[in-house]
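Have a look at the structure below before the remarks.
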Amino acid sequence: RATALRLARDGAQLALSGRDREALEAVAKESRALSGRDVFFHAVDLAAADGPLELYARVKEALGAPDVLVNNAGYNSRKAFLWEVDAEEFDAIVAVNLRAPFLLTREALRDMLEKKAGHIVNVLSTVCHYANETMGAYTAAKRGLDGLTAVLLKEARPHGIRVSAVYPGGTDTEFRAKRRPDY
């Protein structure tokens, strides 16, 4: 939400996605009020096998190829020791935090390579720098995206495409079931 509103204030043409259609609609409305521009949004579950590709196709159809892609989705079902996480839960965490950004990046790169310009921003996490108990699946997925980002930086640079990684720490948002004012 905060990223979308900041980009809207700066005049960016936005395409937003999220799982919660009502929340997404509210952010789109706020963004429109700030920017004076229409905002494309599409509710999608990025863990679904066809979710990321469907999202990219809809955005491209509505607005054309993006100049900037911000991979900001994040998902961790719960804190749990590795032996408590089943394969289905692990797959869902990896699907949102690694597979979806890979697919969205791949599609955006194909378009950005043609223009020889663009910027991909991957929002990672401070878990990439620490080994926190009960965060194994999430850490594995985010570190995977961190590695992918490092390779992407080298592959994209010669083509005029910028790549950035952001490592936010804990944030007190409604994403958390319990408020964390210390974050």
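Based on what the data block shows, is residue 20 within 30 Å of residue 114 (Cα to Cα) and under 18 Å from the mean Cα position of the chain (by Cα)? No, not satisfied. Within segment 1-50, the set of residues being among the β-branched types (Val, Ile, Thr) and open to solvent by 30 Å² or more (accessible area, probe 1.4 Å) comprises 3 only. Of all residues in segment 32-60, those satisfying the criterion of being touching a Phe, Trp or Tyr at 6+ places or on another chain (Cβ under 9 Å) and either free of Cβ contacts under 8 Å to residues at least 40 places away in the same chain or of a type in the set (Val, Ile, Thr) (or both) are 58, 59. Applying the condition of being surrounded by 14 or more Cβ atoms within 10 Å (Cβ to Cβ) and closer than 15 Å to residue 111 by Cβ to segment 153-162 and asking which residue is farthest from the chain's Cα centre (by Cα) yields 159. Within segment 125-138, is even one residue of a type in the set (A, V, I, L, M) and under 18 Å from the mean Cα position of the chain (by Cα)? Yes, there is a match, as at least one residue in segment 125-138 is of a type in the set (A, V, I, L, M) and under 18 Å from the mean Cα position of the chain (by Cα). Within segment 51-86, the set of residues being aromatic (Phe, Trp, Tyr) and open to solvent by less than 90 Å² (accessible area, probe 1.4 Å) comprises 56, 75, 81.
On the given criteria, is residue 96 open to solvent by 70 Å² or more (accessible area, probe 1.4 Å), modelled with pLDDT of 95 or more, closer than 21 Å to residue 124 by Cβ and within 14 Å of the chain's Cα centre (by Cα)? So residue 96 fails the test. Scanning for something acidic (Asp, Glu) and either surrounded by fewer than 16 Cβ atoms within 10 Å (Cβ to Cβ) or in a strand (DSSP E or B) (or both), does segment 137-150 turn up at least one residue? No, that holds for no residue.
The values are calculated or read from the model by the stated rules, or taken from the named source; none is laboratory data. Keep in mind that what you see is a predicted model, and the values were worked out from it rather than measured. Note that we place each Cβ from the backbone using ideal geometry, even for glycine, and neighbour counts take in every protein chain shown. Just the protein is used for accessible areas: all its heavy atoms, side chains included, with ligands, DNA and RNA removed. Shrake-Rupley method; radii C 1.70, N 1.55, O 1.52, S 1.80 Å.
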